[in-house]
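A.B. asks: My questions all concern the structure below.
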Amino acid sequence: MIRNGLLFAAMAAALILVGLFQSWNVALAILNLQLISAVMALGTNMQWGYAGLINVGIMGFAAVGGIAAVLVSMPPVPEAWRAGGAGVLLAGLALAATVAVTVLARSRLEGRAKMLATLLVVAVGYFVIRRFYDPAVDAIEAVDSARTGYLGGLGLPILLGWLAGGVAAAGVAWVIGKVALGLRSDYLAIATLGISEIIIAILKNEDWLSRGVKNVTGLPRPVPYEVQLQREAWFQDLAARWGQQPELFSGVTVKALYAVLFLIVLLAVYALAQRALASPWGRMMRAIRDNRDAAAAMGKNVKRRHLQVFVLGSAVVGIGGAMLTTLDGQFTPGSYQPLRYTFLIWVMVIVGGSGNNTGSILGAFVVWFVWVEAEPAGILLMEAVSAVLPRGSALSAQLMDAAPHLRLFLMGLILLVVLRFSPRGLIPEPRR
Amino acid sequence: MTDVLNALVLFANFVLVPGVAYGAQLALGALGLTMIYAVLRFTNIAYGDTMAFGAMCTVFATWWLQAAGITIGPLPTALLALPAGIVGAVLLCLLFDRTVYRFYRRQKAPPVVFLIASIGVMFMTNGLVRLIIGPDDRRFADGGRFIVQAREFKEMTGLAEGLAVRSTQALTLAVAVVVVIALFWFLNRTRMGKAMRAYSDNEDLALLSGINPDRVVFWAWVIAAGLATVAGVLYGLDKSFKPFTYFQLLLPIFAAAIVGGIGNPVGAIAGGFLIAFSEVTVTYAYKRFLSYLAPDGWAPDGLVQLLSTDYKFAVSFVILVVVLLFRPTGLFRGRVI
């Protein structure tokens, strides 16, 4: 307990040092992403740490959370709905009907007839869907494509979008889990890696839904804008009393407000996760993880439990993804990269301690801190190296360009060192 | 009759030729991945970045040769630089094997631990490649651009459609055939190859008959790194060298290896071509092809494209999932993980 407290205190001290020596804006920006990463790491830890499921598709669920936040919060585009809303809905109905008929046919028929019927239904369904879908999509994307060109959202407060992000990610996870969870560990990793790439490809290309690579910008915010704050009299007084520039202080205040919101979500998820882990359900999960055959012999339905924990963990990741989109104020499908959104979260969980929620949070804090601060540190290092080299040499220019990539190398090194010398992480799972 | 010929030429130009080249690249990659799986028994996530590293070494060697004025006529200089790239990739793989994987092998750690360790290796290799060559596109292809040019083909045959075969595409196929023949000769005819297959089949029995596991592992890394480099260089010559694309190649390569039956070299080749042709045929727009074949006035209005090109990944992935669900051993009876 004391050791954990010291570790978190050291983390806080590092952030305060950043605040004192770099700026409070930077420190709070790091903190905000640390909090979001911690939520995602908790979700990943539920799947990997509790149940031993390898989900290498974190990026996909984060993106699903992000698009859910967009679809809840952005104002609807009525012209687009008039132009193609009905067509898209009909295409959706056709898709649902195709899936339903396929499932029905597969449950009723046997042998060769089953195969033929499946192929026939899918082929017919495909053309029916395209029949409604193509004209509708063209019509929607033609509506003022420079500014909208998509259906828009519901125009609700974005905080509801966080909830929707969780629900949407859970829904996607249910479908994926139904198909992929039967696979053994390595195959599941490859399958989820592929699914996350497909989710990003869909978000990049389905402009009617997400504006694709044109990005959705200017998302509504749950906190006031900096300029609004600067105009308020009470805020100017407060800034003056603390001896701060109103412009800088407003930036810090907005980031601090975000941090408070994220902290509330993190603490709520953490409390629930801890309770779940300590409950009989958590014990059952660990039993399945450690020996699934024995757990199955005890009458536990391994497949159902795996699906359950896969959906729960993905929902938490989805909430994190929605929070991330909210913080950015925009949704940019092109920016989702597996290294940053999947594998970095994995490094956090492994470094923090698989199976330990507190560890996952600490891992998220430490790893994100290193990830961000490795860049200035790398530049410092490269400057020190190029000071020895002749001025203006090609090598020193190359070194300065390369500095930002040092952090990828560093992340790999950290993961390998922890995995080798402290495989249970910074805060190991308690032996019960 | 000319219409049918035109349609066939069109199909060959946009589906057959690119599909064969891409399939050969995937097959080589999948072979390397399957070798690692067969001998070392884990899924190597760092494989895409190994390809990037080997290709990067080749790019540097090519630049050096070009600067020294050494070329081999119409063939790309990269072919001459390939051995240097292979040596680079092999050294990297052996270094990581000594420092990372060997420890877990001695511990007899479960495959999941290897997989997570390979994530760390992936990060390090990726960082190294970006540190050394940077994240941008690099061109290193030289020599003759085309074997058959579309315009010449049209003049020669008098058809409306042209057929273009880039020299890199022909080279890809030629190199792939040579490498695959060499690999099968090694696996089936040499002592080491037989030892490797024995080790892959039954480790304990192989050890009992005096096979040195360290040498088997050594050769597995050499072959895998060599194949990764060859595949990476051929892909880079065909398209262009960009570190990020190699990570994205990982998925179709995995799909190829698993669809064919992981651990089975013949399956890896078949899987590579299957995935490549599925990707190309499903995302090709058949409008012009059909308008040649259909009677006058029946030509289709739309593009007649089953899926937009951006969903290439989805194709390989759907095949992967279908095969995993209905025939988990793959088409050619590999192993079940």
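A.B. asks: In the range A:169-201, which residues are of a type in the set (Lys, Arg) and at the interface with chain B (Cβ under 7 Å from one of its Cβ atoms)? So that I can check it myself, show each step before the final result.
C.D. replies: Step one: of the range A:169-201, the residues of a type in the set (Lys, Arg) are A:178, A:184.
A:Arg184 - this is the single residue of the range A:169-201 that is of a type in the set (Lys, Arg) and at the interface with chain B (Cβ under 7 Å from one of its Cβ atoms).
A.B. asks: Still on this structure: Quick check on this structure: which one of B:Ala38, B:Ala78, B:Ala52 is under 30 Å from B:Leu163 (Cβ atoms) and touching a residue at least 60 places away in the same chain (Cβ under 8 Å)?
C.D. replies: B:Ala78
A.B. asks: When both residues are 6+ apart or on different chains and their Cβ atoms are under 9 Å apart, which pairs have a first residue that lies in the range A:132-143 and is more than 12 Å from chain B (Cβ to nearest Cβ) and more than 11 Å from A:Leu90 (Cα to Cα), and a second that is part of a helix (DSSP H, G or I) and β-branched (Val, Ile, Thr)?
C.D. replies: Every condition considered, the pairs that remain are A:Ile140/A:Val88.
A.B. asks: Which residue pairs have Cβ atoms closer than 7 Å, lie 6 or more positions apart in sequence or on different chains, and pair a first residue in the range A:334-356 that is touching a residue at least 40 places away in the same chain (Cβ under 8 Å) and part of a helix (DSSP H, G or I) with a second residue that is charged (D, E, K, R) and surrounded by fewer than 24 Cβ atoms within 10 Å (Cβ to Cβ)?
C.D. replies: A:Gly334/A:Lys204
A.B. asks: Could I ask something else about it? Just one of (1) buried (at least 18 other Cβ atoms within 10 Å of the Cβ); (2) at negative phi; (3) within 14 Å of another protein chain (Cβ to nearest Cβ) trips up B:Gln305, so point out which.
C.D. replies: Status for B:Gln305: all satisfied but (1).
A.B. asks: From the list A:Ala117, A:Ala170, which residue is assigned to a helix (DSSP H, G or I) and over 25 Å from A:Ala63 (Cβ atoms)?
C.D. replies: Exactly one residue qualifies, and that residue is A:Ala117.
A.B. asks: Would a scan of the range A:202-216 turn up a residue that is more than 24 Å from B:Val112 (Cα to Cα), within 13 Å of chain B (Cβ to nearest Cβ), surrounded by 22 or more Cβ atoms within 10 Å (Cβ to Cβ) and of a type in the set (A, V, I, L, M)?
C.D. replies: Looking through the range A:202-216, at least one residue is more than 24 Å from B:Val112 (Cα to Cα), within 13 Å of chain B (Cβ to nearest Cβ), surrounded by 22 or more Cβ atoms within 10 Å (Cβ to Cβ) and of a type in the set (A, V, I, L, M).
A.B. asks: Could you say whether any residue in the range A:90-99 is modelled with pLDDT of 90 or more, within 14 Å of another protein chain (Cβ to nearest Cβ) and within 31 Å of the chain's Cα centre (by Cα)?
C.D. replies: no
A.B. asks: Would it be correct to say that A:Arg147 is exposed (fewer than 15 other Cβ atoms within 10 Å of the Cβ), of a type in the set (Lys, Arg) and within 11 Å of chain B (Cβ to nearest Cβ)?
C.D. replies: So A:Arg147 does not fit the description; no.
A.B. asks: Just the residues that are basic (Lys, Arg), assigned to a helix (DSSP H, G or I) and closer than 16 Å to A:Leu53 by Cβ, please, taken from the range A:277-314.
C.D. replies: Across the range A:277-314, the qualifying residues are A:Arg286, A:Arg289, A:Arg292, A:Lys303, A:Arg304, A:Arg305.
A.B. asks: Quick check on A:Ala259: is it within 16 Å of the chain's Cα centre (by Cα), outside the structural domain of A:Ile140 (by TED's automatic domain parsing) and of a type in the set (A, V, I, L, M)?
C.D. replies: no
A.B. asks: Moving on to the next point. Identify all residues within the range A:33-59 that are within 14 Å of chain B (Cβ to nearest Cβ) and either within 18 Å of A:Leu327 (Cα to Cα) or of a type in the set (Phe, Trp, Tyr) (or both); write none if there are none.
C.D. replies: A:Trp48, A:Met59
A.B. asks: Of the residues B:Ala314, B:Ala231, B:Ala294, B:Ala276, which is facing another protein chain (nearest Cβ under 10 Å) and either within 30 Å of B:Val4 (Cα to Cα) or not basic (Lys, Arg) (or both)? Working first, answer last.
C.D. replies: On the way: B:Ala231 fails: facing another protein chain (nearest Cβ under 10 Å); B:Ala294 fails: facing another protein chain (nearest Cβ under 10 Å); B:Ala276 fails: facing another protein chain (nearest Cβ under 10 Å).
Selected residue: B:Ala314, the only one of B:Ala314, B:Ala231, B:Ala294, B:Ala276 that is facing another protein chain (nearest Cβ under 10 Å) and either within 30 Å of B:Val4 (Cα to Cα) or not basic (Lys, Arg) (or both).
A.B. asks: Next question, about the same structure. Could you check how many residues of the range A:383-413 are more than 8 Å from chain B (Cβ to nearest Cβ) and touching a residue at least 24 places away in the same chain (Cβ under 8 Å)?
C.D. replies: 2
Let's see how each residue does on (1) of a type in the set (Lys, Arg); (2) surrounded by fewer than 20 Cβ atoms within 10 Å (Cβ to Cβ); (3) not assigned by TED's automatic domain parsing to the domain that holds A:Leu119:
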position	(1), (2), (3)
A:Leu7	no, yes, yes
A:Ser23	no, yes, yes
A:Leu31	no, no, yes
A:Met40	no, no, yes
A:Thr44	no, no, yes
A:Ala51	no, no, yes
A:Gly65	no, no, yes
A:Gly84	no, no, no
A:Leu90	no, yes, no
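A.B. asks: Against the definition (within 27 Å of A:Gly19 (Cβ to Cβ) and at pLDDT 95 or above), how does A:Leu324 come out, yes or no?
C.D. replies: Working: within 27 Å of A:Gly19 (Cβ to Cβ): yes; at pLDDT 95 or above: yes.
It is true that A:Leu324 is within 27 Å of A:Gly19 (Cβ to Cβ) and at pLDDT 95 or above.
A.B. asks: Can we say A:Val122 is within 14 Å of chain B (Cβ to nearest Cβ), buried (at least 17 other Cβ atoms within 10 Å of the Cβ) and assigned to a helix (DSSP H, G or I)?
C.D. replies: no
A.B. asks: A further question follows. Does any residue of the range B:143-152 turn out to be in contact (Cβ under 8 Å) with a residue 24 or more places away in the chain and among the β-branched types (Val, Ile, Thr)?
C.D. replies: Let us first name the residues in the range B:143-152 that are in contact (Cβ under 8 Å) with a residue 24 or more places away in the chain, namely B:143-144, B:150.
Of the ones still in play, those that are also among the β-branched types (Val, Ile, Thr) are none.
No, the conditions are met nowhere in the range B:143-152.
A.B. asks: Kindly indicate whether A:Leu380 is in contact with a Gly (Cβ under 8 Å, 6 or more places away or on another chain) and assigned to a helix (DSSP H, G or I).
C.D. replies: no
A.B. asks: For the range B:263-314, how many residues meet the condition of being touching a Ser or Thr at 6+ places or on another chain (Cβ under 8 Å) and at pLDDT below 80?
C.D. replies: Looking only at that region, the number is 8.
A.B. asks: Can you list residue pairs whose Cβ atoms sit under 7 Å apart, with the first residue in the range B:266-295 being under 17 Å from B:Phe332 (Cα atoms) and the second being in a helix (DSSP H, G or I) and of a type in the set (S, T, N, Q)? Count only pairs 6 or more apart in sequence or on different chains.
C.D. replies: Every condition considered, the pairs that remain are B:Ala268/B:Thr34; B:Ile275/B:Ser316.
A.B. asks: Consider the range A:196-252. How many of its residues are in contact (Cβ under 8 Å) with a residue 24 or more places away in the chain, in a helix (DSSP H, G or I) and under 25 Å from the mean Cα position of the chain (by Cα)?
C.D. replies: Within the range A:196-252, residues that are in contact (Cβ under 8 Å) with a residue 24 or more places away in the chain, in a helix (DSSP H, G or I) and under 25 Å from the mean Cα position of the chain (by Cα) number 16.
A.B. asks: Can you work out which of the residues in the range A:341-374 that are more than 19 Å from A:Pro428 (Cα to Cα) and away from every other protein chain (no Cβ under 14 Å) is nearest to the chain's Cα centre (by Cα)?
C.D. replies: By that ranking, first place goes to A:Trp368.
A.B. asks: Quick one: B:Ile211 ticks every box in (1) touching a residue at least 60 places away in the same chain (Cβ under 8 Å); (2) more than 15 Å from the chain's Cα centre (by Cα) bar one, so which box is it?
C.D. replies: (1)
A.B. asks: When you go through B:Arg130, B:Arg102 one by one, which is the residue that is more than 9 Å from chain A (Cβ to nearest Cβ) and either part of a helix (DSSP H, G or I) or in contact with a Lys or Arg (Cβ under 8 Å, 6 or more places away or on another chain) (or both)? So that I can check it myself, show each step before the final result.
C.D. replies: Values: B:Arg130 fails: more than 9 Å from chain A (Cβ to nearest Cβ).
After applying the criteria, what remains is B:Arg102.
A.B. asks: Is it the case, given these coordinates, that A:Ser386 is closer than 30 Å to A:Gly282 by Cα and assigned by TED's automatic domain parsing to the domain that holds A:Gln47?
C.D. replies: No; evaluated as a whole, the condition is false for this residue.
A.B. asks: Please state which one of B:Pro83, B:Pro110 is over 17 Å from B:Ala46 (Cβ atoms), within 10 Å of chain A (Cβ to nearest Cβ) and free of Cβ contacts under 8 Å to residues at least 60 places away in the same chain.
C.D. replies: Answer to the check: B:Pro110.
A.B. asks: May I pose another question? Does at least one position in the range B:134-147 carry a residue that is under 20 Å from B:Met56 (Cα atoms), at pLDDT 90 or above and among the aliphatic types (A, V, I, L, M)?
C.D. replies: No, the range B:134-147 contains no residue that is under 20 Å from B:Met56 (Cα atoms), at pLDDT 90 or above and among the aliphatic types (A, V, I, L, M).
A.B. asks: Having 2 or more residues that are among the hydrophobic types (A, V, I, L, M, F, W, C) and under 15 Å from the mean Cα position of the chain (by Cα) is the bar; report the helices (runs of 4 or more DSSP H) wholly within the range B:216-333 that clear it.
C.D. replies: Those helices (runs of 4 or more DSSP H) span B:243-260, B:265-283.
The values are calculated or read from the model by the stated rules, or taken from the named source; none is laboratory data. Here the structure is a predicted model, which means the values were calculated and not measured. With ideal geometry, Cβ positions are generated from the backbone for all residues, glycine too; neighbour counts draw on all protein chains shown.
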